[in-house]
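So the structure is just underneath, and the comments pick up after that.
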Amino acid sequence: AEALSEPVAAIVEGVRIALENTAPELAADIVDQGIVLTGGGALLQGIDEVLRDETGLPVTVAEDPLTCVALGTGRALEDPIYKGVLLAV
């Protein structure tokens, strides 16, 4: 657990920065709905609790964090609006 404290701190700081730079209307949704963790980082034991404690927001881990990233990306690429945004990055 100690070996992961530095990467987890970096994740927490990244989330804080993202929240600070989020448009107010979207921030209101995040406060209401919370944060859903996806991808490999979501599998870090206790990361949801750390983020919950540090942000004061509801934090949950997606049911299948690895697969949902691929599925969401696939769905986004099928939508012309989202596809344009994804490919512009």
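The values are calculated or read from the model by the stated rules, or taken from the named source; none is laboratory data. Quick caveat, the model's predicted, so the values are computed rather than measured. Cβ sites come from the backbone with ideal geometry, for glycine too, and all protein chains shown count toward neighbours.
Of the residues LEU57, LEU44, the single one that is in contact (Cβ under 8 Å) with a residue 40 or more places away in the chain and closer than 18 Å to GLY14 by Cβ is LEU44.
Residues that are small (Gly, Ala, Ser) and under 18 Å from GLU20 (Cβ atoms) within segment 44-59 comprise just one, GLY56.
Screening segment 14-46 for residues that are assigned to a loop (DSSP other than H, G, I, E, B) and over 21 Å from GLU63 (Cα atoms) and picking the one that is farthest from the chain's Cα centre (by Cα) gives ALA23. Screening ALA3 against (1) part of a helix (DSSP H, G or I); (2) surrounded by 12 or more Cβ atoms within 10 Å (Cβ to Cβ) leaves a single unmet condition, (2). Here is a check on your reading of the model: is GLY14 out of contact with any Gly (no Cβ under 6 Å at 6 or more places or on another chain) and either at pLDDT below 90 or surrounded by 12 or more Cβ atoms within 10 Å (Cβ to Cβ) (or both)? So GLY14 does not fit the description; no.
Here THR73 passes the criteria (1) touching a strand residue (DSSP E or B) at 6+ places or on another chain (Cβ under 9 Å); (2) polar (S, T, N, Q); (3) assigned to a helix (DSSP H, G or I) except the one numbered (1). For segment 66-86, filtered to residues that are within 19 Å of VAL15 (Cβ to Cβ) and out of contact with any Gly (no Cβ under 6 Å at 6 or more places or on another chain), the residue that is surrounded by the most Cβ atoms within 10 Å (Cβ to Cβ) is CYS68. Close contacts from segment 18-41, counting a first residue that is surrounded by 13 or more Cβ atoms within 10 Å (Cβ to Cβ) and a second that is small (Gly, Ala, Ser) and assigned to a loop (DSSP other than H, G, I, E, B), with Cβ to Cβ under 6 Å and a gap of 6+ residues or different chains, come to VAL36/ALA62; THR38/ALA62.
Scan segment 52-61 for residues that are modelled with pLDDT of 95 or more and either among the β-branched types (Val, Ile, Thr) or within 11 Å of the chain's Cα centre (by Cα) (or both) and the total you get is 3. Only one entry of ILE81, ILE11 meets the criterion of being assigned to a helix (DSSP H, G or I) and under 14 Å from the mean Cα position of the chain (by Cα), and that entry is ILE11.
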